[in-house]
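Right, one structure below, let's go through it.
The values are calculated or read from the model by the stated rules, or taken from the named source; none is laboratory data. These figures come from a predicted structure and were not determined experimentally. Reconstructed Cβ throughout: ideal geometry from the backbone, glycine too, with neighbour counts over all protein chains shown. Note: accessible area is taken over every heavy atom of the protein model, side chains too, but ligands, DNA and RNA are not part of it. Shrake-Rupley method; radii C 1.70, N 1.55, O 1.52, S 1.80 Å.
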Amino acid sequence: MAAAGVVAALLAAGCSSSGGGSGGSASGPVTITIAENYGTEQNATALKNLAAAFHKLHPNITVKIQPQNGDNYFALLQKDAISKSGPDLAVMWTGLFTLQYKSFLTNLKGEIPAADLARVDPNALKWTSDGFNPANGPYVIPLENQFYIGFYNKADFSKAGVTSVPTDWSQLYAACTKLKKAGYTPLVYGNGGQPISATFYPWYDMSYMMIGAYPVSQWQGLYSGKIPWTSAAIKSQLTDWTKLHSSGCTNSDVVTNTNNLGQFESGKAAMMVDGTWDTAKFTSALGSKVAAFAPPFSAAPIKGVVDFAGDGIAQMSYSPNAKADGEFLDFMTTPQAATIINAAGLIPAITGTTTSNPVNQQMLDLVSKGGLTAYPMLDNVVQGDVVNTGSKFLPSVLNGTQSVTAALQAMQTTLNQLPASQRGNTFP
């Protein structure tokens, strides 16, 4: 990986423990590198603190964390895999992203003790395994359970006279009218937080638009092509979505704004669609004023929420430090690691652990108590080429400078051009 911006996590010594990585403890000294594309998310804090705690247990292993630019992160990983000059470990998105790049990843079955893998939430592990079956062995140890989610400012709602959280398009438009009249930006967009592209990342919203259009049991049809991207239901959803901008529900500069996090944290914006990687920032800035809700991008009350282990750490197949890599990945399955992840404001993907952040707990309650169905992240279960095409066109759709029809046709064309092996009736 490129050396620019490399941050070294050179950490204090302590006593050794924990196995993993083909058994035993790596002889040292050895340095392992971890590439990541977390930007300013809480995930970056969690990874840094995991590295520190791991080094304290394994003083013979130095961990260097390598932040990378998000918009070409996977291209760099792939390029460096060819030359075998990349990192030992790397942040990897789960779902089809993992399977797309598995040629240069190590299957961890047998590398991490089975008893330790059993500590990880099985619903998280499955999205990192061939055929989405954890029995086939994961390629990634999930860092956390993530939600794509809406956040809202309860104080802004109260001052604007919005007495209930909107659950469908019509209620959302009505809330926007009141919030705008009260002087707030109702729903803010921008590329702050995740450094994925120059514009906002549209797949948070697309996930909820597809929740509003299809039950989770039909989502495989978006992958296979049984449900075309040009379908009437999808076109209707995006048409309603564009009205958010044209009616003044959003900031005018949706494709150029870089301060959406600050605008929400300051109370100037009442709502935003984001994810658990920023929950701790919002609770720190807003305290009890902030709460979570399922973005109501649905003609009927929204019935689902995105609850998914979206990323984790993978071992590169060419790494010369497999034993040390395995020890770090094994450490990620421990209760100590879960405590560190929780302290960073995230939701550990370790079975039996809890989250201490009240807004994260509210998200979990949407599924366990609120009756909402858990959906995967849409961009992790449709083809990466389709995701890239959508990321190119969809921000301009919301902005009103690209038609819904043209954008969806571009996505459908991309899907049609993929080989049949990438459009099957089952996931690979």
For residues that are among the small types (Gly, Ala, Ser) and farther than 21 Å from residue 40 by Cα, scanning just region 248-270, find the one that is least open to solvent (accessible area, probe 1.4 Å).
270
Does residue 64 qualify as being assigned to a helix (DSSP H, G or I) and closer than 13 Å to residue 328 by Cα?
no
Matching residues, region 193-247, being under 17 Å from residue 299 (Cα atoms), open to solvent by less than 10 Å² (accessible area, probe 1.4 Å) and within 18 Å of the chain's Cα centre (by Cα)
205, 206, 207, 208, 209, 210
State all residues of region 310-326 that are crowded, with 22+ Cβ neighbours inside 10 Å, in contact with a helix residue (DSSP H, G or I) (Cβ under 8 Å, 6 or more places away or on another chain) and not in a loop (DSSP other than H, G, I, E, B); if no residue qualifies, say none.
311, 312, 314, 315, 316
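With the structure loaded, tell me whether residue 74 is open to solvent by 20 Å² or more (accessible area, probe 1.4 Å), modelled with pLDDT of 85 or more and assigned to a helix (DSSP H, G or I) or whether it fails that test.
Details: open to solvent by 20 Å² or more (accessible area, probe 1.4 Å): yes; modelled with pLDDT of 85 or more: yes; assigned to a helix (DSSP H, G or I): yes.
So residue 74 fits the description; yes.
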Report the residue count in region 120-144 for those that are open to solvent by 10 Å² or more (accessible area, probe 1.4 Å) and in contact with a Gly (Cβ under 7 Å, 6 or more places away or on another chain).
1
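Name every residue in region 79-119 that is among the hydroxyl-bearing types (Ser, Thr, Tyr), touching a helix residue (DSSP H, G or I) at 6+ places or on another chain (Cβ under 8 Å) and either outside any helix (DSSP H, G or I) or open to solvent by 60 Å² or more (accessible area, probe 1.4 Å) (or both), in order of residue number. Before the answer, list the steps.
So in region 79-119, the residues among the hydroxyl-bearing types (Ser, Thr, Tyr) come out as 83, 85, 94, 98, 101, 103, 106.
If we keep only those that are touching a helix residue (DSSP H, G or I) at 6+ places or on another chain (Cβ under 8 Å) too, we end up with 94, 98, 101, 103, 106.
Listed by number, the residues that qualify are 94, 101, 103, 106.
Here are 398, 378, 394: which of them is in contact with a His (Cβ under 8 Å, 6 or more places away or on another chain), surrounded by 22 or more Cβ atoms within 10 Å (Cβ to Cβ) and at pLDDT 95 or above? Reasoning before the result, please.
Working: 378 fails: in contact with a His (Cβ under 8 Å, 6 or more places away or on another chain); 394 fails: in contact with a His (Cβ under 8 Å, 6 or more places away or on another chain).
Checking each option against the conditions leaves just 398.
From the list 351, 414, 373, 333, which one is β-branched (Val, Ile, Thr), under 19 Å from residue 273 (Cβ atoms) and either crowded, with 16+ Cβ neighbours inside 10 Å or under 20 Å from the mean Cα position of the chain (by Cα) (or both)?
On the way: 351 fails: under 19 Å from residue 273 (Cβ atoms); 414 fails: under 19 Å from residue 273 (Cβ atoms); 333 fails: under 19 Å from residue 273 (Cβ atoms).
Criteria check complete, one pass: 373.
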Qualifying positions in region 404-428 - part of a loop (DSSP other than H, G, I, E, B), modelled with pLDDT of 95 or more and of a type in the set (S, T, N, Q):
417
